[in-house]
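A short worksheet on the structure shown next.
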Amino acid sequence: MSRRRLLIGSAAGAAGAVMAAWALAADDSLPQWYQPPKVSAKTERKKRPLPSRTEQVNMLQAGHTYDVLIIGGGATGAGCALDATTRGLRTALVEADDFASGTSSRSTKLIHGGVRYLQKAIMQLDYDQYKMVKEALHERANMLEVAPHLTRPLPILLPVYKWWQVPYYWFGIKMYDLVAGDRNVKSSYYLSKKNTLELFPMLKSDNLCGGIVYYDGQQDDARMNLAIALTAARHGATIANHVSVIKLHKTAGKLSGARVRDEMTGKEWDIKAKCIINATGPFTDTIRKMDDETVKEICCPSSGVHIVLPGYYSPEHMGLLDPATSDGRVIFFLPWLKGTIAGTTDLPCQVTHSPKPTEDEILFILTEVKNYLNPDVEVRRGDVLSAWSGIRPLVSDPNKPDTQSLARNHIVHVSPAGLVTIAGGKWTTYRAMAAETIDAAIESANLKPLYKECQTDGFLIEGAHGWTPTMYIRLVQDFGLEMEVAQHLAKSYGDRAFAVAKMASMTGKRWPIIGKKVHPEFPYIDAEIRYGVREYACTAVDMIARRLRLAFLNVQAAVEALPAITDIMAEELKWSDAEKNRQIKIASEFLANEMGQMVNRASRDKIPINLSKEEIQTYIKRFQIIDKDRKGFVSINDIRRSLKNYGEDVTGEQLHEILREIDTNMNGQVELDEYLQMMSAIKSGHVAYSRFARMAEMEEEHHEKESLKKKITVERSGGGL
């Protein structure tokens with residue numbers, strides 16, 4: 001028996017070696033290096049190991065000719081890769097930054113058909129709008145079905161403050177249900193004023209007539225994008241992030257490949273492809289001009305800013321829609337990952353790799369939110385935990401002679417040289433957009449797929465196969481994880497959560513047994529950093545923004561967790577100290593500029609000092625207790641000494657973060673006026689919390705206790721003489 005096993009093992013090993021040799025060969029013949037996937041069982045969990053990024057890049061460098069080369073790793077690009085590879089096409093995808101690094105990670109997190117579009121379709125008798133809503137509602141149901149761990153149905157309340165609007169909105173929402181047909185999530189319903197306030201107690205009650213609740217879906221957008229890309233890789237697609245296209249090649253006037261550069265190493269090489277797909281969102285025109293410098297630009301970028309507020313601003317299981325803001329825009333107010341998302345704005349902008357939220361946009365959202373919440377809920381500027389801007393790539397249709405008007409839906413365009421461009425559309429319809437794009441690619445390049453029809457409708461995404469709503473209980477029982485952590489792992493990784501848990505380190509506590517948190521306020525653990533590297537995270541920004549969603553949830557928490565995260569990444573990726581410091585610097589700049597840290601700080605610094613004489617005297621006293629040497633400023637050593645009084649041992653990086661939090665003139669010292677500015681900002685609500693301010697308060701309490709002890713000791717010794 002053992003001899004037979006040995007022979008089988010040897011044969012398997014030899015077969016593996018032969019397959020590896022074939023994979024590295026530059027021959028194009030289909031059986032030699034590419035095995036088309038068998039997708040007849042759409043719900044079957046793929047057992048193929050996920051190739052490492054190094055292996056994927058090596059495959060791209062091996063000289064193969066791909067059927068399709070997809071440029072762009074957002075939702076649409078990843079969807080194209082999954083569609084193409086499941087049809088049996090030899091598929092490659094390159095992304096200049098990270099999967100979902102652009103618009104696809106900065107959405108409202110909704111999976112929706114578009115209530116507003118349906119309203120326009122009915123009011124304007126517009127059949128194209130109706131078709132767009134019908135398609136989106138089908139895709140909404142499909143996303144909820146194929147990735148149940150990353151998605152959920154979400155009830156959304158539409159509060160009504162005028163009686164005549166009740167039948168108007170009720171009819172519109174019922175039409176939304178009707179158009180969805182058997183793909184409807186749940187039926188909408190009307191609520192009385194009393195029941196509305198029971199479900200959404202923070203809502204303003206004055207003049208409230210009632211509410212109408214309808215259902216859409218919600219997702220973790222960046223992780224969904226990543227899961228689609230990983231699913232494509234499991235089924236044979238060659239994908240690589242941080243690989244940019246710098247030139248397109250043509251043979252006899254037709255596109256035949258691209259020159260690419262690995263942004264992590266600087267190495268350049270050529271990839272041969274029969275068809276090239278441009279799925280680059282806001283950067284659509286950049287790739288189109290590589291194909292033809294004379295083409296007119298079709299992208300009209302629009303900035304959409306969202307903010308994250310604490311979870312207590314909204315119920316955990318219900319969102320809110322403001323259908324008519326002061327300037328006619330729509331604002332959503334949604335619970336997401338224990339926080340509350342509010343947004344979005346819609347303003348023309350310039351295309352950039354690093355869009356930034358502005359103070360005006362943040363204040364607009366806060367003002368609109370304030371209009372809907374009761375007076376007990378003080379909407380404070382300091383409660384903005386994070387803010388980000390996403391660029392929505394609205395496009396004009398190059399297929400039509402009149403390109404002035406923007407396309408309501410997505411467009412697929414094939415250039416004379418064969419560049420297939422997919423642009424516009426929205427997150428919810430990524431799969432349908434991908435299917436139409438691959439159809440166009442097959443026709444334009446005369447490709448020979450194994451399956452002519454799209455295979456992805458109902459196709460389960462990475463993590464969905466073994467997931468159940470109670471799967472987290474097994475993680476708690478089998479691994480000794482904290483329940484909140486287990487729930488988070490199950491929702492983020494689905495049935496791959498067990499692989500993550502196996503990488504978790506021991507806590508050294510009685511409970512939980514494993515799973516060291518990277519930040520005490522969030523359920524993210526050390527194992528996710530190690531697993532994230534296997535999910536192609538190459539930089540600290542990849543990790544804090546998209547493998548974990550910490551940067552989007554709380555920018556200050558992300559700053560505090562950054563040193564621990566980069567330490568683990570340095571172990572996994574063999575970074576030198578210099579590289580680790582470089583990654584921290586880049587990630588800090590990302591948090592400061594793109595996640596709202598600097599705009600939050602600038603907002604605080606504009607607030608005039610508004611303190612009473614008594615308050616000023618109190619804060620001066622606290623400041624002087626920390627500044628024992630009466631230097632007139634507090635140094636990093638003063639902060640370290642103060643924290644040690646409470647047995648709190650913090651790293652040098654954490655000390656610098658506490659200092660940066662309040663050091664407005666960036667001279668490495670906290671001066672009295674800066675401290676008073678901070679305290680005034682806290683009082684006015686422009687800053688929700690300051691670790692430095694709390695530290696000063698505790699230092700004063702400690703000082704008073706010590707003074708009292710000395711006084712009692714003196715009195716006792718005096719009484720004994």
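Computed from the coordinates by the stated procedures, all read-outs in this text should not be read as laboratory data. Quantities reported herein were computed from a predicted structural model and do not represent experimental measurements. For neighbour counting, all protein chains shown are included, and Cβ atoms are generated from backbone atoms with ideal geometry for every residue, glycine included.
A compact table of results
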quantity: For the stretch 124-176, alpha-carbon Rg relative to the globular expectation (2.2 N^0.38 Å, N residues); calculated: 1.47
quantity: Cβ crowding within 10 Å averaged over residues, with 83-92, 70-79, 102-111, 465-474 ranked highest first; calculated: 70-79, 83-92, 102-111, 465-474
quantity: The stretch 542-601 pair-distance distribution - Cα-Cα, 10 Å bins, rounded %; calculated: 24, 55, 19, 1
quantity: By average C-beta atoms within 10 angstrom, highest first, the peptides 127-135, 388-396; calculated: 388-396, 127-135
quantity: Cα centroid separation - the stretch 483-515 against the stretch 330-378, whole Å; calculated: 33 Å
quantity: Gyration tensor over alpha-carbon atoms, the stretch 480-609, equivalent ellipsoid semi-axes in Å; calculated: 27, 18, 13
quantity: The stretch 503-634: relative contact order in percent, alpha carbon pairs under 8 Å with at least 6 residues between; calculated: 16 percent
quantity: At 1.567 mPa s and 4 °C, Stokes diffusion of the stretch 194-287 via Kirkwood alpha-carbon radius, µm² per second; calculated: 71 µm²/s
quantity: Overall dimensions of the stretch 176-242 as given by Cα atoms, namely Rg and Dmax in Å; calculated: 20.1, 58
quantity: J(HN,Hα) series, the stretch 367-377, from Karplus relation 6.51 cos²θ - 1.76 cosθ + 1.60, nearest Hz, glycine and proline x; calculated: 5, 5, 4, 4, 5, 9, 9, 6, x, 5, 8
quantity: The stretch 389-516, relative contact order in percent, only Cα pairs under 8 angstrom and at least six apart counted; calculated: 14 percent
quantity: Identified option (computed log10 I(q)/I(0) by the Debye sum over Cα atoms at q = 0.06, 0.07, 0.08, 0.11 Å⁻¹; candidates [x] -0.40, -0.54, -0.70, -1.25; [y] -0.58, -0.71, -0.82, -1.13; [z] -0.51, -0.66, -0.81, -1.13); calculated: [x]
quantity: Residues with amide H under 5 Å from that of His410, placed H, sequence gap 5 or more; calculated: Gly425
quantity: Spin-label pair Tyr168/Leu450, simplified geometry with 7 Å Cα→Cβ offset, distance in nm; calculated: 5.5 nm
quantity: Residue-count net charge about Pro393 - beta-carbon cut-off 11 Å; Lys, Arg +1, Asp, Glu -1; calculated: +1
quantity: For the chain, calculated [θ]222 nm from helices alone, where every DSSP H run of n ≥ 4 adds -39500 (n - 2.57); calculated: -13500 deg cm²/dmol
quantity: Per-residue HN-Hα couplings for the stretch 328-337 [Karplus 6.51, -1.76, 1.60; θ = phi - 60°; Hz; x = Gly/Pro]; calculated: x, 7, 9, 10, 9, 9, 10, x, 7, 6
quantity: Label-to-label distance, nm, for residues given as Arg48 and Ala252 (7 Å Cα→Cβ offset); calculated: 3.1 nm
quantity: Residues with amide H under 5 Å from that of Glu671, placed H, sequence gap 5 or more; calculated: Val634
quantity: Charge context of Met506, other residues only, Cβ under 13 angstrom, K/R +1, D/E -1; calculated: +3
quantity: For the stretch 275-282, 3J(HN,Hα) per residue [Karplus equation, 6.51 cos²θ - 1.76 cosθ + 1.60, θ = phi - 60°, Hz, x = Gly/Pro]; calculated: 9, 10, 10, 9, 10, 9, x, x
quantity: Normalised contact order of the chain, rounded percent, pairs of Cα under 8 Å and 6 or more residues apart; calculated: 14 percent
quantity: Label-to-label distance, nm, for residues given as Ala417 and Ser326 (7 Å Cα→Cβ offset); calculated: 4.9 nm
quantity: Equivalent ellipsoid semi-axes - Cα gyration tensor, the stretch 308-352, angstrom; calculated: 23, 15, 7
quantity: Ordering of 523-535, 367-379, 610-622, 542-554 by burial proxy (mean other Cβ atoms within 10 Å per residue, highest first); calculated: 542-554, 523-535, 367-379, 610-622
